[in-house]
Amino acid sequence: PRLDKTFNEMRDLANKYNFDVTVIIAPTKVRLHGKYFNVVPESSESPHFINYVENLSKSTGFTVVNLHSLLQPYAGSSILYFCDDDHWNEEGHRLAAKSVLQETFAHDMRL
């Protein structure tokens, strides 16, 4: 309920001050790499929280860039996070930035 309330407040501010909101969903290392590499414990099969945030964003009228689905094709062949923490490495940053740029450009072209 708090997340829903926050998104509604963001929508109200965006409407009041006439700006667009883009929600960027960034997956955790476990979520993205868990099923491919033994060093990372596997998480649940369905990304429930990611799906919830994506659906909430869309229902609130926000643009969504879901990096979970966009980075998934690279997850089995490239390590996108530092091995000893949950931050993107250089390749992860490069692919995330490329994905955000492509998605926001594609969204702008649809307007």
Q: Counting other Cβ atoms within 10 Å, keep those with at most 13, restrict to DSSP loop, and tell me which trypsin sites (Lys or Arg not before Pro) in segment 1-78 are left.
A: LYS35
Q: Return the single residue from LEU71, LEU13, LEU56 with maximal mean-square fluctuation; model: Gaussian network over the chain, springs between Cα atoms under 10 Å.
A: LEU13
Q. Could you give the semi-axes, largest first, of the ellipsoid that matches segment 1-59, computed as the square roots of 5 times the alpha carbon gyration tensor eigenvalues and rounded to whole Å?
A. 31, 11, 8
Q. In degrees, nearest 10, range 0 to 90: what is the angle between the Cα axis of helix 48-60 and the longest Cα principal axis of the chain?
A. 20
(Q) Just to confirm the number: angle between the C-alpha axis of helix 2-17 and the first principal axis of the chain, 0 to 90 degrees, nearest 10? (A) 50
Q: Give me the lysines in straight-line cross-link reach of LYS29: C-alpha distance below 24 Å, same-chain residues under 8 apart excluded.
A: LYS98
**Q.** Top of ASN66, ASN15, ASN89 by mean-square fluctuation, Gaussian network on the chain, Cα under 10 Å
**A.** ASN15
Q.
Can you show me the helix-derived [θ] at 222 nm for the chain, built from DSSP H runs with n ≥ 4 at -39,500 (n - 2.57) apiece and divided by the number of residues, rounded to the nearest 500.
A. -18000 deg cm²/dmol
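Find out how many positive minus negative residues lie around GLU54, taking Lys and Arg as positive, Asp and Glu as negative, among other residues whose Cβ is under 15 Å from that of GLU54.
Numbers: positive: ARG31, LYS58; negative: ASP4, GLU103.
Every neighbour counted, the sum reads 0.
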Q) Toward the positive end of the charge dipole of the chain, about the Cα centre and with charges on Cβ (Lys, Arg +1; Asp, Glu -1), which of GLN102, PHE82, TYR17 goes farthest? A) TYR17
Q.
Computed from the coordinates I sent, semi-axes √(5λ) of the Cα gyration tensor in Å equals one of [x] 28, 17, 11; [y] 19, 16, 11; [z] 32, 22, 13. Tell me the label.
A. [x]
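Using 0.36 nm per residue, how much length does the chain from ALA14 to PHE49 gain when fully extended, once their Cα-Cα distance is taken away? Display every interim value, and only then the final one.
On the way: separation 35, 0.36 × 35 = 12.60 nm, distance 2.37 nm.
Stretched out fully, the ALA14 to PHE49 stretch lengthens by 10.2 nm.
None of the figures in this text is laboratory data; all of them are computed from the coordinates on show. Since the model is a prediction, treat every value here as computed from it, not as a measurement. For neighbour counting, all protein chains shown are included, and Cβ atoms are generated from backbone atoms with ideal geometry for every residue, glycine included.
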